[in-house]
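Dropping the structure in here first, questions after.
The values are calculated or read from the model by the stated rules, or taken from the named source; none is laboratory data. These figures come from a predicted structure and were not determined experimentally. No Cβ is skipped: glycine too gets one built from the backbone with ideal geometry, and neighbour counts run over all protein chains shown. Heads up: the accessible areas ignore ligands, DNA and RNA and are worked out on the full protein's heavy atoms, side chains in. Shrake-Rupley method; radii C 1.70, N 1.55, O 1.52, S 1.80 Å.
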Amino acid sequence: MHRYGHTSYRKILIAGIVLLTAAAIAACFIGRFQIMPSDIAKLVTRQAVSDGDVKRHILFDIRLPRVILSIMVGAALALAGTAMQGILQSPLASPDVLGTASASGFGAAAGILFFGNNLFATLILSFTAGLISIVFVVALCRLKKDFSILSIVLSGIITSSLFVSMLSILKFAADPNDTLPAITFWLMGSFASSGSAQITFILLPFLLGTGLLYLFRWKLNILSLGDDEAKIAGVHPKLVKSIVLGAATVLIASAVTVSGMIGWVGLVIPHATRKIIGSNHGYVLPLSSVLGALFMLLSDTFARTIGFSEIPIGIITSLTGAPLFALLFLFKDASVHE
């Protein structure tokens, strides 16, 4: 479980934070409209600079919110994936294993279909639908009176299929010349509409979900030994699983609500993190959040600068995530516990 000592882990974590900070700063300058680093001090102090108003708008109203939002979404998906793989003891667990991503996608599609360009209504419906998914999963487990890992996973599959079917109905009913393209583009993932409103909307859920997972990071290690051993160690398996899965659901719902359905981040990043530092969740959760944020930020920067028009970020994460997961698979068998 411990691949590196505490000192080595701190060095790796600090290195990741430094890389993330450097990438975030660079992303603020990279784009079709050039902003030089020397302009920053002038823009902040409102000194005279060529195209100052335009540059100030692009930097502070467009690029900086987009950088912040991509970091938050990447961290949220990576944390949720790590927690679900630990709780469900499955290397294939991902943010959509409980149907949360599909449910949030359905909610956003409903918002676009029924409320058009009303951003707040779309955000509310998407986030609410994501939270409803965990209610469905819990309800199915209660009806079966079985909260085993297999029961939770199967309930998640049922829930996901239900919301995917409902999403298909909405797409079928949407106007093919207007609404359907908007829904399709949103489902492919994008940070094109990033702004302070999206950051404000998910800030509290993001902090809540992250804080809960961080508080329960050590109990995830105990649960990996099995429910019987966890009870002997004084841990309530059912309660801990409920809290962790609830926190992961909040993170997934908030991420999908503002960015669309972005795949592979919550599956690949936890595996890559375990390859680096082992399976101790006290180490894996913080580092996976940093690597997830870095991966998402780099993917988004690439998506908005590679071509004449912006590429949906879901395409970028799939094109890079699948080969990366293949390398991890070939290097060593994918495993949650080592």
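Being modelled with pLDDT of 95 or more and either closer than 30 Å to Gly107 by Cβ or in contact with a strand residue (DSSP E or B) (Cβ under 6 Å, 6 or more places away or on another chain) (or both) narrows it down to one of Ala293, Ala197, Ala303, so name that one. Explain how you work it out, then say what you get.
Working: Ala197 fails: modelled with pLDDT of 95 or more; Ala303 fails: modelled with pLDDT of 95 or more.
Result: Ala293 is the single residue among Ala293, Ala197, Ala303 that is modelled with pLDDT of 95 or more and either closer than 30 Å to Gly107 by Cβ or in contact with a strand residue (DSSP E or B) (Cβ under 6 Å, 6 or more places away or on another chain) (or both).
Each row is one residue, and each column tells you yes or no for (1) under 10 Å from the mean Cα position of the chain (by Cα); (2) in a helix (DSSP H, G or I); (3) β-branched (Val, Ile, Thr).
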| position | (1), (2), (3) |
| --- | --- |
| Leu239 | no, yes, no |
| Ala248 | yes, yes, no |
| Ile252 | yes, yes, yes |
| Met261 | yes, no, no |
| Gly266 | yes, yes, no |
| Ile269 | no, yes, yes |
| Arg274 | no, yes, no |
| Ser279 | no, no, no |
| Gly282 | no, yes, no |
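Can you work out which of the residues in segment 285-304 that are among the aliphatic types (A, V, I, L, M), open to solvent by less than 20 Å² (accessible area, probe 1.4 Å) and in contact with a Gly (Cβ under 7 Å, 6 or more places away or on another chain) is farthest from Val73 (Cα to Cα)? Break it down into steps so the answer makes sense when it comes.
We begin by selecting, within segment 285-304, every residue among the aliphatic types (A, V, I, L, M); these are 285, 287, 290-291, 293-294, 296-298, 303.
The next check asks that each one be open to solvent by less than 20 Å² (accessible area, probe 1.4 Å); those that pass are 285, 287, 290, 293, 296-297, 303.
Remaining after also requiring in contact with a Gly (Cβ under 7 Å, 6 or more places away or on another chain): 287, 290, 293, 296-297.
Details: Leu287: 15, Val290: 11, Ala293: 7, Met296: 8, Leu297: 9 Å.
The selected residue is Leu287.
Identify all residues within segment 66-91 that are more than 13 Å from the chain's Cα centre (by Cα) and under 24 Å from Ala129 (Cβ atoms); write none if there are none.
Result: Gln85, Ile87, Leu88.
Further question on the same structure: Hey, can you tell me all the residues within segment 146-188 that are of a type in the set (Val, Ile, Thr), in contact (Cβ under 8 Å) with a residue 40 or more places away in the chain and either surrounded by fewer than 12 Cβ atoms within 10 Å (Cβ to Cβ) or over 21 Å from Ala93 (Cα atoms) (or both)?
Result: Thr179, Ile183.
Name the residues in segment 17-55 that are β-branched (Val, Ile, Thr) and modelled with pLDDT of 70 or more, would you? Can you show your working first?
Initial filter on segment 17-55 (β-branched (Val, Ile, Thr)): 17-18, 21, 25, 30, 35, 40, 44-45, 49, 54.
Ile17, Val18, Thr21, Ile25, Ile30, Ile35, Val54, listed by residue number.
Quick grid of which residues meet (1) crowded, with 19+ Cβ neighbours inside 10 Å; (2) without any contact (Cβ under 8 Å) to a residue 60 or more places away in the chain:
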site: Leu207; (1), (2): no, yes
site: Thr210; (1), (2): yes, no
site: Asp228; (1), (2): no, yes
site: Gly234; (1), (2): no, yes
site: Leu239; (1), (2): no, yes
site: Gly246; (1), (2): no, no
site: Ile252; (1), (2): yes, no
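Could you tell me which residue of segment 305-329 is most open to solvent (accessible area, probe 1.4 Å), considering only residues that are part of a loop (DSSP other than H, G, I, E, B) and among the hydrophobic types (A, V, I, L, M, F, W, C)?
Here is the first cut: in segment 305-329, the ones part of a loop (DSSP other than H, G, I, E, B) are 306-312.
Now restrict to residues that are among the hydrophobic types (A, V, I, L, M, F, W, C): 306, 308, 311.
On the way: Ile306: 89, Phe308: 211, Ile311: 52 Å².
Top of the filtered list is Phe308.
List the number of the failed condition for Asn117; all other conditions in (1) at pLDDT below 90; (2) over 20 Å from Pro312 (Cα atoms); (3) not acidic (Asp, Glu) hold.
With (1) at pLDDT below 90; (2) over 20 Å from Pro312 (Cα atoms); (3) not acidic (Asp, Glu) applied to Asn117, the lone miss is (2).
Scan segment 110-127 and tell me whether some residue there is over 20 Å from Gly211 (Cα atoms), open to solvent by less than 30 Å² (accessible area, probe 1.4 Å), small (Gly, Ala, Ser) and in contact (Cβ under 8 Å) with a residue 40 or more places away in the chain.
Yes, that holds for at least one residue.
Also, I was wondering about something else. Of the conditions (1) in contact (Cβ under 8 Å) with a residue 24 or more places away in the chain; (2) closer than 27 Å to Ile134 by Cβ; (3) surrounded by fewer than 24 Cβ atoms within 10 Å (Cβ to Cβ), Val256 fails just one. Which one is it?
Unmet condition: (3).
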